[in-house]
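The structure appears right after this line, and notes come after that.
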Amino acid sequence: MDYTGTGNTINARLPNALALIMDSLRYWITEMHVDGFRFDLASALARVLHDTDTLSSFFNIIHQDPVISQVKLIAEPWDINEDGYMVGKFPGSWAEWNGMYRDCIRNYWRGSESMLKDFALRFTGSPDLYKGGYRRPTASINLITAHDGFTLNDLVSYNEKHNEANGEDNNDGANDNNSWNCGAEGPSDQEEIIMLRNKQKRNLLATLFLSQGVPMLLAGDELGRTQKGNNNAYCQDNEISWLDWQSADHGLLEFTKGIIRFIKEHPSFRRRRWFQGLPVTGVADQNDIMWLMPDGNQMSEENWEHDFAKSLGIYLNGKGIRCVNYDGERIYDDSFYIIFNAHEDALEYTLPPEDCGQAWHKVIDTSDGFIGDDEQEFHPGETIEVQARSVMVLRCRI
């Protein structure tokens, strides 16, 4: 059976095939010092006869192996056949490319009518997928783009794939990309469209790095790389697939560097344990997270179940990380208020009440690419304008 779509599926049930896999992995670890593996179309390795089974010999022997079990194991948790979509179903020691995260975040920023609850789950590390399997938020490898599909630049520049150069009459590659061209298909010289596309790229990158889980950045996305709308460029060894260093978007590169530096400085965005509930209610200093509407009120059950995901505010309590560092000391951080606005209009947001913090400063604003520490001080209950289709992050120092 061809479970991979490339005609070369390995039958991992056979003892000699399984031995070849294990011997190869051990060699790469012990002799070549590889510290982990990403398994392409990993669901194909889970198949027993035809059905997928995470208790198969492949998984059992990896867990028992004293060498392989100690390195990073990352699954692309799907193949092309029925029952092959296994996001959230791999064993506890595995991390997974989170395809649900990719689809949800793309849909949010292109303005589709996705639900607030879906966005909140993906932002908090997808506990619906991984928490029940005794895994931590780090099991979710969050991605917006990968080597398959559109680049980040093309995701905001094309509604349709343009794979004519591949020689298959544009029939290859995925048809559903959850993309939005911002008003024109392909390159544009309209300043308004260019500015919107740049903002959308910053929105997607900011969401990726601010989310709980492990962010995965496609090489070249930080430079604004394009494949000219080709979403299946594996067969193109030319300008379509190469990195064009001469045309690098240095503004986007600096923004990417800045937000990576920001999350490395703040453990609030790299929690090793789950948040305590969704939605959270109660006194602010007893909660690690709160979800707020533009008027400053906490989200209700009806908001979660019925409202479309256009805008929401998220309060992260720096005193609620509930982890210790390598010296056994409790980890604390500043508190943050993150506002996501996918509306086509600017919105007024009321800042959280006094028990959440006394003074707020803007540290990220994707509307203009700002990353820093704004001198202007905002106070509890004060309103702040969040520009259309943008992310704003405010910090309250501990």
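Taking the beta-carbon count within 10 Å as an exposure proxy, list Phe150, Phe119, Phe59 from fewest neighbours to most.
Phe59, Phe119, Phe150
Which residue fluctuates the most in the chain, going by a Gaussian network model with Cα springs under 10 Å, if the choices are Met22, Met290, Met299?
Residue with maximal mean-square fluctuation among Met22, Met290, Met299: Met22.
Rank Cys182, Gly328, Tyr27 by how far each Cα sits towards the positive end of the charge dipole of the chain (+1 on Lys, Arg Cβ; -1 on Asp, Glu Cβ) and give me just the farthest.
Gly328
Using only alpha carbon pairs under 8 Å that are at least six residues apart, calculate the relative contact order of the stretch 207-268 and give it in whole percent. Don't skip to the end; give the middle numbers.
Values: 33 pairs, mean separation 23.2, N = 62.
So the answer I get is 37 percent.
Cβ under 9 Å from Asn142's Cβ, Asn142 left aside: what net charge do those residues give with Lys, Arg +1 and Asp, Glu -1? Can you show the working numbers first?
Working: positive: Arg102, Arg122; negative: none.
The answer is +2.
To the nearest 500 deg cm²/dmol, what mean residue ellipticity at 222 nm is calculated for the chain from DSSP H runs of n ≥ 4 alone, each contributing -39,500 (n - 2.57), summed and divided by the residues?
So the calculated ellipticity at 222 nm is -7000 deg cm²/dmol.
For the chain, what is the charge dipole size about the Cα centre, in debye to the nearest 20, if Lys and Arg each add +1 at the Cβ and Asp and Glu each add -1 at the Cβ? Present the calculation step by step, with values, prior to reporting the outcome.
Numbers: 36 positive and 61 negative charges, 302 e Å.
The dipole of the chain has a size of about 1440 debye.
Could you list Phe39, Phe123 so that the one with the fewest beta carbons within 10 Å of its beta carbon is first and the one with the most is last? Spell out each step's value before the answer.
Values: Phe39 20, Phe123 25.
Placing the least packed residue first, the sequence is Phe39, Phe123.
Share of antiparallel DSSP beta bridges in the chain, in percent to the nearest 5?
Values: 33 of 44 bridges.
If I count the DSSP bridges inside the chain, around 75 percent turn out antiparallel.
If contacts are Cα pairs under 8 angstrom and at least 6 residues apart, what is the relative contact order of the stretch 15-263 in percent? Intermediate values should be presented prior to the final figure.
Values: 387 pairs, mean separation 39.7, N = 249.
Rounded, it is 16 percent for the stretch 15-263.
What is the chain by shape, rounded, prolate or oblate, if you read a ≥ b ≥ c off the alpha carbon gyration tensor as root eigenvalues and call it rounded for a/c under 1.5, prolate for a/b larger than b/c, and oblate otherwise? Don't jump to the answer; show the numbers that get you there.
Details: a/c = 1.93, a/b = 1.30, b/c = 1.48.
Oblate.
Based on the Cβ-Cβ distance of Glu377 and Met293, what FRET efficiency does E = 1/(1 + (r/R0)^6) give at R0 = 30 Å, to the nearest 0.05? Before the final figure, lay out the partial values.
On the way: r = 23 Å, r/R0 = 0.78.
Computed FRET efficiency for Glu377 and Met293 comes out at 0.80.
If packing is taken as the mean number of other Cβ atoms within 10 Å per residue, what is the order of 162-172, 76-86, 241-251, highest first? If you can, show how the numbers build up before the last one.
Values: 162-172: 14.5, 76-86: 18.1, 241-251: 11.8.
Peptide ranking by packing, descending: 76-86, 162-172, 241-251.
Give the angle, between 0 and 90 degrees and rounded to the nearest 10, that separates the Cα long axis of helix 250-265 from the longest principal axis of the Cα atoms of the chain.
The helix 250-265 is inclined about 80 degrees to the chain.
Could you let me know the centre-to-centre spacing of the stretch 184-250 and the stretch 360-398, using Cα atoms, in angstrom?
Answer, in whole Å: 25.
With the Cα gyration tensor of the stretch 276-396 giving a ≥ b ≥ c as the square roots of its eigenvalues, does the rule (a/c under 1.5 for rounded; else a/b larger than b/c for prolate; else oblate) give rounded, prolate or oblate?
Here the stretch 276-396 falls in the oblate category.
Using r as the Cβ-Cβ distance of Asp327 and Ser93, and R0 as 30 Å, what FRET efficiency do you calculate, to the nearest 0.05? Before the final figure, lay out each step's value.
Values: r = 26 Å, r/R0 = 0.87.
It comes to 0.70.
Within the stretch 347-398, list the trypsin sites (Lys or Arg not before Pro) lying in a DSSP loop whose Cβ has at most 13 other Cβ atoms in a 10 Å radius. Don't skip to the end; give the middle numbers.
Working: sites: Lys362, Arg389, Arg395, Arg397; in loops: Arg389, Arg397.
Hits after loop and neighbour filter: Arg397.
Rounded, prolate or oblate: pick one for the stretch 159-238, where a ≥ b ≥ c are the square roots of the eigenvalues of its C-alpha gyration tensor, a/c under 1.5 means rounded, and failing that, prolate if a/b is larger than b/c, else oblate.
Details: a/c = 1.99, a/b = 1.30, b/c = 1.53.
Cα axes put the stretch 159-238 in the oblate bin.
Could you tally up the Lys pairs in the chain with alpha carbons closer than 15 Å? Skip any pair fewer than 8 positions apart unless they're on separate chains.
On the way: Lys89/Lys131; Lys117/Lys310; Lys161/Lys228; Lys201/Lys257.
Number of lysine pairs found: 4.
Values in this text are rule-based calculations from the coordinates and carry no lab data. Only a predicted model underlies this, so the values are computations on that prediction, with no experimental measurement involved. Cβ: placed from backbone, ideal geometry, glycine included. Neighbour counts: every protein chain shown.
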